[in-house]
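The values are calculated or read from the model by the stated rules, or taken from the named source; none is laboratory data. Since this is a predicted model, take the numbers as computed values, not measurements. Note that each Cβ is placed from the backbone with ideal geometry, even for glycine, and that neighbours are counted across all protein chains shown. Calculation scope for accessible area: heavy atoms of the full protein, side chains included, ligands and nucleic acids excluded. Shrake-Rupley method; radii C 1.70, N 1.55, O 1.52, S 1.80 Å.
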Amino acid sequence: MTIQLGKMNSLVVNEIAYEGAYLTDDSGNGEVFLKKEEMPNDLAVKQMIEVFVFEEQGNLTATTKTPIAQLGDFALLQVTSINAIGAFVDMGIGKELLVPYNEQRPKFELSRSYLVHLYLDKASQRLCGSSNLNKFVKQEATGFKKSQEVSIIVAGRTDLGFKVIVNNEYWGMVFTDQVFKPLFIGQKLQAYVAKLREDGKLDIRLSKPGVAGSNELSDVIYDKLTQENGVIHLGDKSDPIAIKKAFGCSKANFKRAIGHLFKEGKIDLAATKITLVK
C-alpha cells in the first residue's frame, strides 16, 4: 500500500518516541509523523491507525482528525486568512488549505465560504485548493441513462436554475421547475438524470421519475399541510405561478402529487384549497 497525501490512510505504528509516533504503510515503507497530542492514549507499536496525511514544512504529517474534504473532493470551505501567496481555508483539522491567487474564481474574501476542489500541485507536491472548477469538471458527459440515480453537489445558481457537479466529474443543470426544496452551494444530494442531451450536457432532476417522484412531492405537500394547521390555499385550479412559488414545481407535478394524497384518503380537495383529513 502506498501512502496517499491528502487522503485518509490506514497506517502502522513503527515507532513511538517522546515527540510523537512514526507511521509507515503495511509494507514498512514511508514515514509519517503523528504529533504526541494527536496520539490515542493506548497507541502501541505495530498497531494500525486511521489518519489523514498532509504535508507540513516538507514532511509528511498525520492527524487523527477527519477533514471536511480530501484530495479530489469538492467542498464548501471558509476563508480564515489571506496573505501574499493566496487565501487559506479551514479543512477542519487545524491545518489550513492554501488556495493560490491564480486558482481563485472569484477572488476570495476573508470569512466567506467558497466551493473548492482539492488537488495536488505537481510542482510543489502540496495539497492545494481551487475554485476554478472548470479545470476539474467536464462539460460533456457520456454513459448516462435517463432516470439513472446520481450524486450531485450544488455549485451555483443561474437564471435557469442550479448548476451542479454530477458524480464528482461532470457539469449538470437542475432547472428551476425541478426544485421544490431549498438548495445551497456545497449541498450534496442524490438526484436523477432527466436527460442526456446530444451535446453531452446533463439535465438533472431532484425527484424520482414517475410515480416515485410524485410520492416524494406528496410527502413535501403533506408536511406543509401539517405545518399550516391542515389547510393550504392551493388546488388544481390555482395559478401555476403560485404553485411554483410555494413548492418549486410545475402545476402538472403538483396535481399528480395531490391526486396521490387524495387517493390515499389523506386530504380533501377543492378548486383552490387542500384540507388535511384528520
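Being under 19 Å from residue 67 (Cβ atoms) and open to solvent by less than 30 Å² (accessible area, probe 1.4 Å) is the filter here, so list the residues in region 21-48 that pass it. Hits for region 21-48 are 23, 32, 34.
In region 71-100, the residues that are touching a residue at least 60 places away in the same chain (Cβ under 8 Å) reach residues that are among the hydroxyl-bearing types (Ser, Thr, Tyr) with C-beta atoms within less than 9 angstrom, at least six apart or across chains, in these pairs: 71/119; 72/119; 76/113; 76/114. Of all the criteria given as (1) outside any helix (DSSP H, G or I); (2) under 20 Å from residue 135 (Cα atoms), the one not satisfied by residue 49 is (2). Considering region 239-269, and only residues there that are modelled with pLDDT of 90 or more and over 16 Å from residue 215 (Cβ atoms), the residue that is nearest to the chain's Cα centre (by Cα) turns out to be 239. Among the strands (runs of 3 or more DSSP E) confined wholly to region 93-157, which include 3 or more residues that are open to solvent by less than 20 Å² (accessible area, probe 1.4 Å) and aliphatic (A, V, I, L, M)? Passing ranges, in order: 97-100, 113-121, 149-157. Of all residues in region 3-26, those being out of contact with any Lys or Arg (no Cβ under 7 Å at 6 or more places or on another chain), free of Cβ contacts under 8 Å to residues at least 24 places away in the same chain and in a loop (DSSP other than H, G, I, E, B) number 2. Restricting the search to region 160-188, which residues are assigned to a loop (DSSP other than H, G, I, E, B), at pLDDT 95 or above and either more than 25 Å from residue 254 (Cβ to Cβ) or touching a helix residue (DSSP H, G or I) at 6+ places or on another chain (Cβ under 9 Å) (or both)? Once the filter is applied, which keeps residues that are assigned to a loop (DSSP other than H, G, I, E, B), at pLDDT 95 or above and either more than 25 Å from residue 254 (Cβ to Cβ) or touching a helix residue (DSSP H, G or I) at 6+ places or on another chain (Cβ under 9 Å) (or both), region 160-188 yields 167, 168, 169, 185, 186.
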